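The values are calculated or read from the model by the stated rules, or taken from the named source; none is laboratory data. Quantities reported herein were computed from a predicted structural model and do not represent experimental measurements. In this analysis, Cβ positions are derived from the backbone assuming ideal geometry, glycine residues included, and neighbour counts consider all displayed protein chains.
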């Protein structure tokens, strides 16, 4: 296995991985699915991932297995002296097997290399199991809650949603 920076050639694999990890039938095989919170199977698309790659200070890290298949990824963007972490995705068949933890560790190394003082993220407030998982890895609730940005091309929420900010000092 290796964790490296994704390139534009990886965009189709990144999109497929994120969609399968979070939405639709494949996501039901893992514990991190948010499919019950949305009508629709799309978590992202090629255009959105390409735009994220173009942002200043942004990278996607990808987790590749021995057969060169992408099984995990995470979006990172340096903002001031902090690192934003988003879209942490692991193939549903490999969830709860340490891939997510390895990606978090790689994100921390990246943050350290970028001279960041902390890593922060947003998590849908009703995803209590996911929040608890991040807390077990040193992230804490900041108390700040943001409105969930609805974009119907990525699904319609089945209930009102908000985002909780979690942060970890490094």
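Points to keep in mind about this one:
- For segment 83-93, taking the residues that are touching a strand residue (DSSP E or B) at 6+ places or on another chain (Cβ under 7 Å) and in contact (Cβ under 8 Å) with a residue 40 or more places away in the chain, the one that is surrounded by the fewest Cβ atoms within 10 Å (Cβ to Cβ) is identified as 87.
- Scanning segment 131-162 for residues that are under 16 Å from residue 119 (Cβ atoms) and assigned to a strand (DSSP E or B) turns up 140, 141, 142, 144.
- Number of residues in segment 53-68 that are touching a strand residue (DSSP E or B) at 6+ places or on another chain (Cβ under 6 Å) and either under 17 Å from residue 103 (Cβ atoms) or surrounded by 16 or more Cβ atoms within 10 Å (Cβ to Cβ) (or both) equals 8.
- Cβ-Cβ under 6 Å pairs, at least 6 apart or on other chains, segment 23-46 side over 16 Å from residue 156 (Cβ atoms), far side part of a loop (DSSP other than H, G, I, E, B): 27/33; 30/95; 31/95; 32/95
- Annotation note: Cβ proximity below 8 Å between a residue of segment 111-128 that is on the phi > 0 side of the Ramachandran plot and modelled with pLDDT of 95 or more and a residue that is outside any strand (DSSP E or B) and exposed (fewer than 13 other Cβ atoms within 10 Å of the Cβ) (sequence gap 6+ or interchain) occurs for 115/81.
- Picking from residues in segment 115-130 that are under 16 Å from the mean Cα position of the chain (by Cα) and assigned to a strand (DSSP E or B), the one that is surrounded by the most Cβ atoms within 10 Å (Cβ to Cβ) is 119.
- Sub-9 Å Cβ pairs linking a first residue in segment 132-154 that is on the phi > 0 side of the Ramachandran plot to a second residue that is surrounded by 12 or more Cβ atoms within 10 Å (Cβ to Cβ) and in a loop (DSSP other than H, G, I, E, B), at least 6 apart or interchain, are 138/170, ordered by first then second residue.
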